């Protein structure tokens, strides 16, 4: 009898794990449940302005989450994206507000900074073969200091929406009549479509998955693993640059030395969305779903009276849960 | 007889401490299957790795299609038409079958990968080879046998002129081997030159045209398969008699007490309802193919991995082993198959390794009694004939066989009554092997009991008193050594669900 019981236990465990395989569906359901929960718990949550602020918040998280998905796909990671995003945005903002350069130049420089740091990360990981965790932890320290040095340690802003050169903010939020329209969602959708195609339908994407799946086998098949491994980090850097622009477009003030911890939102989102930390597995759409779960959670918590410190505790726990699911999933595969 | 397509002459290759290849010759002809035979460690795989550019040769020439060549890396060899189907599978488990076959040379439609076309091409390839595999299936979901077929299909799709099969049948069922042979005969008709590395004599007789034999890194000779007998080939392979002959009957009395009893052990997919008994003074062989679940069974028994269910009795008493510490307390010692990862700490001295499992016996209050550690280590070094200049020598400087002896010494300090030897002679040269065998025999003569997991059939037949055979996580049979033969074991080892 005891044996039978154990067997049926094992069966339900299996079924549970299989469901985790269809994780995206589960995540969407959790997301809806969360949304309903917040609406019920707080009258003011269900308003249009809340949706807009969830959206505001989602732009830069989506960009760094898409980027880090590529690093994760190779079996690596990139911890420099949170701090990096703020750093590149500060550099761009410095050029615009202190040196008086056009906004367009500031935007391009922001993206270039991201790609440059991505190249450095890629070099450390793919060529020098440093552990990604340590390598990007170090570059995180570097960009953190760099942002402070370049701006002289003081906060700055990109032009406000009503300023003459504040046009870039309408990339993300347009005011039509009295209503604010979150147009940034268009860019998000575009980015998700393009990066999905790159990941699943082009050589770079295929080889990045191959590297995460079995690097040695990819190398023996004649794939230039160093090049494509580096590219994953450059893509990650590029999106961190984009995130820097979105961050500047969403927030009024940029403070040097901030941004640390935001990478965890992105990594958490990607893993919740089904990307494996062990590499080789994941989708961009999954990451997007993960991002929205995170954004609803982070936006909703203050509405039920849980402020910043509580948010950190909860994000930490959600990340543990997400990683645990990943570990279970990988164990079952093996 | 076909014309020569590839010649290797005077190939020499040394690794630190090992002269792996000593001026070896090899000749591959069009439309012919050449068997490459030799005991484990004879240098077959090394020779093939030199040929395909995985290793650089120190000396010698390779002539391919009339020109001297030296392939920079496996993909250069591939491009030239020399491909290898590896013993260990090189697959990308997250990608589909077709994506695996075309990795590195995807079929494109403009800038995008044309997966549909790749699926079609893979299907055509499989049809040509009479293989039934869905190109859209994820590689990780296939059985080992099917994965092997994909590897072969991938090799063939490179427009290969020379194909090397490195023990392709090691993980295949009999039906799958038949399928493989059909493919090989087909390729022979298409004038492709093939090298077939295997240990199984009947396969060699069935499929190959000539046999080249290697021993201890040297070229011994080449025979025409149909004109030679099994014994001819074995004589060339073994050359000198260094092992005892296979055991013909068990040395253990029928009424010897059962020291270990395992009942319905389950752990994950790889250990399913395994039950067995170990008697005092017995060497119990565990045989099976790659991935049969033998190591997993031992790890679950030892508490290294979690078990789902099952009971373990030691000397008739039920014990609950939850972790390796529990197992050690019950007098079980485990010599891992992967010495470097689990067995020894290579950067530490012989003495430090020897005392590691029994630190408490070497303590002087809070401090380690170095003197005692050295004394005890010396005793073991002498008893086991470990070749080391001093006990302070770092283990990394010893040969594989002597490293293994340090691991054995470590468990002997614990005075374990039950020793699990997982692949005790893997990566050890022939001389040291027979020393390990002698040592194992001495241990059981002292009344200890040994479980020996081994993938080498000859080793199982020489050492065991009883043989348990596993396949896909299940115990498929139990043979007394008097009734065990290569054939009977292989039959059980391929008995799948």
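Every number in this text was worked out from the coordinates using simple rules, so none of it is lab data. Fair warning: this is a prediction, and the values are worked out from it, not measured in the lab. Cβ: placed from backbone, ideal geometry, glycine included. Neighbour counts: every protein chain shown.
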The range B:246-316 pair-distance distribution - Cα-Cα, 5 Å bins, rounded %: 4, 15, 24, 22, 17, 12, 5, 1
Rg and Dmax [Cα atoms of the range A:200-298; Å; Rg one decimal, Dmax integer]: 15.8, 51
Beta bridges by DSSP in the range B:4-238, antiparallel share as percent, to the nearest 5: 60
Spatial separation of Cα centroids for the range A:40-107 and the range B:83-112, in angstrom: 36
Equivalent ellipsoid semi-axes, the range B:103-216, via Cα gyration tensor eigenvalues times 5, rooted, Å: 29, 16, 13
Spacing of the two label points (7 Å from each Cα toward its C-beta) at residue B:318 and residue A:311, in nm: 5.5
Exercise: per-residue mean of other protein chain Cβ atoms within 10 Å, B:93-105: 5
Base-10 log of normalised Debye intensity for the range B:96-141 (one unit scatterer per alpha-carbon) at q = 0.21 Å⁻¹: -0.65
Radius of gyration, Dmax [the range B:258-493; alpha carbons; angstrom]: 17.6, 57
Gained length - residue B:9 relative to residue B:390, 0.36 nm times residue gap less alpha-carbon distance: 133.0 nm
Most to least packed among A:178-187, B:5-14, B:194-203 [average Cβ atoms within 10 Å]: B:194-203, B:5-14, A:178-187
10 Å Cβ neighbours from other chains, averaged over peptide B:267-276: 1
Scattering profile of the range B:43-164 at q = 0.21 Å⁻¹ [log10 I(q)/I(0), Debye over alpha-carbon scatterers]: -1.17
Chain A - mean residue ellipticity at 222 nm from DSSP helices (-39,500 (n - 2.57) per run, n ≥ 4, rounded to 500): -25000 deg cm²/dmol
Spin-label model distance (nm) - residue B:105 vs residue A:98, 7 Å beyond Cα toward Cβ: 5.5
Dimensionless Rg over Rh [the range B:155-195; C-alpha; Kirkwood]: 0.97
Distance between modelled label sites at residue B:114 and residue B:446, nm, 7 Å Cα→Cβ extension: 6.9
Kirkwood-based Rg to Rh ratio, the range B:357-436, C-alpha trace: 0.99
Most fluctuating residue given options A:324, A:220, A:264, as computed from a GNM of chain A linking Cα atoms under 10 Å: A:220
Euclidean distance between Cα centres, the range A:272-322 to the range A:221-259, Å: 19
For chain B, share of DSSP beta bridges that run antiparallel, in % to the nearest 5: 55
Inverse mean reciprocal Cα-Cα distance (Kirkwood Rh) of the range A:56-108, Å: 12.4
Percentage relative contact order, the range B:4-238, counting C-alpha pairs under 8 Å, at least six apart: 30
Reference-scaled alpha-carbon Rg (2.2 N^0.38 Å with N residues) for chain B: 1.06
Cα gyration tensor shape for the range B:235-362, rounded if a/c is under 1.5, else prolate or oblate: rounded
Estimated FRET transfer efficiency when R0 is 30 angstrom, pair residue A:155-residue A:119 (beta carbons, to 0.05): 0.60
DSSP-defined beta bridges in the protein assembly as shown - what % are antiparallel, rounded to 5: 60
Residue-averaged [θ]222 nm for chain B, counting only DSSP H segments that reach four residues, each worth -39500 (n - 2.57): -9500 deg cm²/dmol
Cα-based shape type of chain A, given that a ≥ b ≥ c are square roots of the gyration tensor eigenvalues and the cut on a/c is 1.5: oblate
Residue B:159/residue B:63 FRET efficiency (R0 25 Å; Cβ-Cβ; nearest 0.05): 0.80
Mean separation of Cα contacts under 8 Å (6+ apart) over length of chain A, as relative contact order %: 33
Sites residue B:205 and residue B:372, calculated FRET efficiency, Cβ-Cβ separation with R0 51 Å, nearest 0.05: 0.30
Solution diffusion estimate, µm²/s, Stokes-Einstein, the range B:4-238, Kirkwood Rh from C-alpha pairs, 4 °C, viscosity 1.567 mPa s: 70
Between the range B:151-180 and the range B:391-450, the Cα center-to-center distance that results, in Å: 36
Highest average packing first - A:151-164, A:268-281, Cβ atoms within 10 Å: A:268-281, A:151-164
Hull volume in cubic angstrom per residue (convex hull over the Cα atoms of the range A:48-164): 118
Value of relative contact order over chain B, rounded to a whole percent, pairs C-alpha under 8 Å and six or more apart: 15
Quotient of Cα Rg and 2.2 N^0.38 Å for the protein assembly as shown, N being how many residues it contains: 1.11
